[in-house]
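Please treat every number below as a calculation from the coordinates, not as lab data. No experiment lies behind these values; they were computed from the predicted model shown. Positions of Cβ are backbone-derived with ideal geometry, glycine not excepted, and every protein chain shown enters the neighbour counts.
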Amino acid sequence: MTRTHEPPQPAAAEAVPGAPAAVATRGLTKRFATGQVAVDGLDLHVPRGAVFGFLGPNGSGKTTTIRMLLGLVRPTAGTVHLLGEPMPDAAARVLPRVGALVEGPAFHPYLSGRANLGRVDAADATTDPRTRARRVEEALERVGLRAAGDKRYRQYSLGMKQRLGLAAALLRPRDLLVLDEPTNGLDPQGTREVRHLVRELADGGATVLVSSHLLAEIEQVCTHVGIMGRGRLLLQGPRAELTARRGVHAVVRTTPAHVEAGLAELRRLGLPDARADARAPGPADEPTLVAGLPDDAPPPQEVAAALVRAGVDLVAFDVRRPSLEEVFVELTGEGFDVAR
Amino acid sequence: MSPADVAAPARAAEDARYAPRRGALGRLLRSELRLVLGRRRNVVLLVGLALVPVLLGLVLFLTRDTALAGQGPPFVTSVTSNGLFLVVASLFLCLPFLLPLTIGIASGDAVAGEAAAGTLRYLLVVPVGRTRLLLVKACAALAFAAAAVLAIAVVGLVAGAVLFGLGDLTLLSGDTIPLSAGVLRVAGVVAYVGLSMTGLVAVGLFFSTLTEVPVGAMAATVVVAVVSSVLGQLPQLEVIHPYLLTTHWFDFAEMLRIRPDGGVLAEGLAVQAAWVAVFGSLAWARFTTADVSS
């Protein structure tokens, strides 16, 4: 099993150089009274300015982790620092700088969306009541709920509820946004809008930690990724690095007569797992060969040249970097959407 | 961790932006009161309580010249002669069950209702400190209890005045005091009954911190009141009677003696204060340490 590691921190990822990490945990552990270990020794590191995709299947411990970050759940062991301050001791100082969406939106069903936001803002000891009405309108506007602001929350669709949850997190400028499954219940258009919003917040200098059990939905906006599985952090670091260095495959399309020769040549090049991929898309008379490219393998251009030199028909040659989902499957040996 | 080399002025500005503002507790409390007193279910409960003196007054008014007149429990028999007694009679009838039920619903819902709706976690990450939130919840639950008692009292006073007129008050001893003094005495009854509900509010608040199921906390609170009054009827348990939640509830009658015994009233209030102290502390201990996983 892969060990958690301190990720290298490229200069580009540090939007605020020298500032402490937006989120830093050490040995964070939660064991419930039932004995179940929901979170096990997490060393999470979210650099300032990052869009951190916090990924993992349902039940992998993401939400419990987020609850501990925000001081809702007391860790059994370990520490949490948000924006450089210890949680939960510094909650009163730190949390006004943090906007959060935790395990779905929750509001009073018999109040309107607008009244619900007013209620949330009235609870914040650090906001100016004189600007409340304006900020509520801006937040509603930002998530496209202005027209439905006077409807009762209970009449909202799931997507509208999710938007209202985002609006509550955006009632004031934030340095850190913790968004737990923000795309739940949204249609593809709504999901695109959330991605756009996340990018916009990051462009404005905020750090965004966004969790999801649907990798593909947020993969594209993340600068950094942490992958949870069964309560442990399997992997974290800049996204490009994670997908670059593991699971790179050479994909070779050839002719039926040259399958055996092609596989032999690939194996000779030091790619022992070379195999024919029967499920690959493409015409039947152009079979596909796949071979993993480990770090010590020859570079792809040499593989291609060697195949040609060996007289193997080369219809197409491609280097495929895996999606995050494939990295995850490789790490855990199980599908991403399988709840345990 | 690298040292934060943020410039000092920038940090000062940042600190000011995220510093608590004056009047924050008041704003949260107002928001909470609007929520509790504006909620339709709670308004229905208050209206229900307010209907008690109206219905009681109408029954007594319509039967006043029949053979049925002058029958019934204490205080009720005095209503037709003086509308002021409608307040006392209504409180007397509501005390055993209707008032505890209403107050159990509101106080049991205080924290558990927010937990069930999920809004509790959002209040806590706003952030609202847990002690402060519990304090605000307690104030709102007490305000609702006060509203419940006042709903009976005010409507009782108006209905009594309209149906039977107000006059000099005949006390339990048979002495008569002028109307103005009588109104004060009845106000004292209302205040005592209101303060007698504080222990139950604390019990409800505590149960409310134990569960995410509001109905459970409400029911448990009402059960405490009912069990307490049942135990209060068993002579074998006389030794614990003075400390029961409900034992002193009916001591409001002391207000209607020619010389109210301050000691009796003080004892009743002291028992309530003890219940508030114990269950308030338990609620605080529980709520400030509990994991919020709803």
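Sorting A:Tyr156, A:Tyr110, B:Tyr192, B:Tyr243 by the number of Cβ atoms found within 10 Å of their own Cβ, with the fewest placed first, yields B:Tyr243, A:Tyr110, A:Tyr156, B:Tyr192.
Taking square-rooted eigenvalues a ≥ b ≥ c of the alpha carbon gyration tensor, is region B:60-121 rounded, prolate or oblate, where a/c under 1.5 means rounded and, failing that, a/b exceeding b/c means prolate? Write out the running numbers ahead of the final one.
Details: a/c = 4.56, a/b = 4.29, b/c = 1.07.
Prolate.
Charge tally for A:Arg195 (other residues, Cβ to Cβ under 15 Å; Lys, Arg +1; Asp, Glu -1): -2.
Taking Cα centre as origin and charging only the Cβ of basic (Lys, Arg, +1) and acidic (Asp, Glu, -1) residues, the dipole magnitude of chain A rounds to 1500 debye.
Summing +1 for each Lys or Arg and -1 for each Asp or Glu among the other residues whose beta-carbon sits under 15 angstrom from that of B:Val47 gives +3. Each of A:Ser211, A:Val251, A:Ser157 was scored by the projection of its Cα onto the charge dipole of region A:124-274, and the greatest displacement toward the positive side belongs to A:Ser157; charges sit on the C-beta of Lys, Arg, Asp and Glu. Simple point charges give the picture: +1 on the Cβ of Lys and Arg, -1 on the Cβ of Asp and Glu, and for the protein assembly as shown a dipole about the Cα centre of about 1300 debye.
For region A:55-149, what is Rg from Cα atoms divided by 2.2 N^0.38 Å, rounded to two decimals?
Working: Rg = 15.8 Å, N = 95, 2.2 N^0.38 = 12.4 Å.
Region A:55-149 yields a ratio of 1.27.
Rounded to the nearest 5, the antiparallel percentage of DSSP beta bridges internal to region A:174-318 is 75%.
Percentage of Cα-Cα pair distances in region B:28-103 greater than 15 Å, rounded to whole percent? Cα-Cα pairs of region B:28-103 separated by over 15 Å account for 61 percent.
Restricting the calculation to Cα atoms, region A:248-320 shows an Rg/Rh of 0.92 when the hydrodynamic-style radius is the Kirkwood one. Across all Cα pairs in region B:24-289, the calculated P(r) in 10 Å bins from zero up to the longest distance comes to 7, 28, 32, 22, 9, 2, 0 percent per bin. Note on region B:1-155: Rg/Rh from Cα positions, Kirkwood definition for Rh, rounded to two decimals, is 1.27.
Across region A:120-134, coupling constants 3J(HN,Hα) worked out from phi with the 6.51/-1.76/1.60 Karplus curve, θ = phi - 60°, read 4, 5, 5, 6, 7, 6, 9, 9, 8, x, 6, 9, 4, 4, 5 Hz, and Gly and Pro carry x.
Could you tell me how many cubic angstrom of Cα convex hull volume chain A has per residue? Provide the component values of the computation, followed by the final result.
Numbers: hull volume 54.3 nm³, N = 340.
Spread over its residues, the Cα hull of chain A gives 160 Å³ apiece.
DSSP finds beta bridges in region A:11-244, and of those with both partners inside it, around 55 percent are antiparallel.
Would you count, across the protein assembly as shown, every pair of lysines whose alpha carbons are under 28 angstrom apart, provided the pair is eight or more residues apart or spans two chains? Walk me through the numbers before you get to the answer.
Numbers: A:Lys30/A:Lys62; A:Lys62/A:Lys161; A:Lys151/A:Lys161; A:Lys151/B:Lys137; A:Lys161/B:Lys137.
Summing the qualifying lysine pairs gives 5.
Extending 7 Å from the Cα toward the beta-carbon at both B:Arg34 and A:Asp295 defines two label points whose distance is 6.0 nm. A Förster radius of 60 Å combined with the Cβ-Cβ distance from B:Leu25 to B:Ala67 puts the calculated FRET efficiency at roughly 0.55.
Note on chain B: with a GNM built from Cα contacts shorter than 10 Å, the maximum mean-square fluctuation among B:Ala110, B:Ala191, B:Ala140 falls on B:Ala191.
Computed from the C-beta positions of A:Glu330 and A:Asp89, the FRET efficiency with R₀ = 35 Å rounds to 0.35.
Across B:Val52, B:Val189, B:Val162, mean-square fluctuation computed from a Gaussian network of chain B (C-alpha pairs under 10 Å connected) peaks at B:Val162. Within the protein assembly as shown, all pairs of alpha-carbon atoms sorted by distance into 10 Å bins from zero give the percentages 3, 13, 19, 18, 14, 11, 9, 5, 3, 2, 1, 0, 0.
For the protein assembly as shown, the share of DSSP beta bridges that are antiparallel, to the nearest 5, is 65%. Charged neighbours of B:Gly262, selected by a Cβ distance under 13 Å, balance to -2 (K, R count +1; D, E count -1).
Taking A:Thr25, A:Thr76, A:Thr255 as the candidate residues, the one with maximal mean-square fluctuation in a Gaussian network model of chain A, Cα springs under 10 Å, is A:Thr255. Look at the dipole of region B:24-289 built from charges on Cβ: of B:Ala69, B:His241, B:Val54, the Cα furthest out on the positive end belongs to B:Val54.
Quick one: order B:Cys139, A:Cys222 by neighbouring beta-carbon count within 10 Å, fewest to most. Walk me through the numbers on the way to the answer.
Details: B:Cys139 16, A:Cys222 25.
Sorted ascending by nearby Cβ count, the order is B:Cys139, A:Cys222.
For a Förster distance of 45 Å, can you work out the FRET efficiency between the beta-carbons of A:Val319 and A:Arg130, rounded to the nearest 0.05? After rounding to 0.05, the efficiency reads 0.15.
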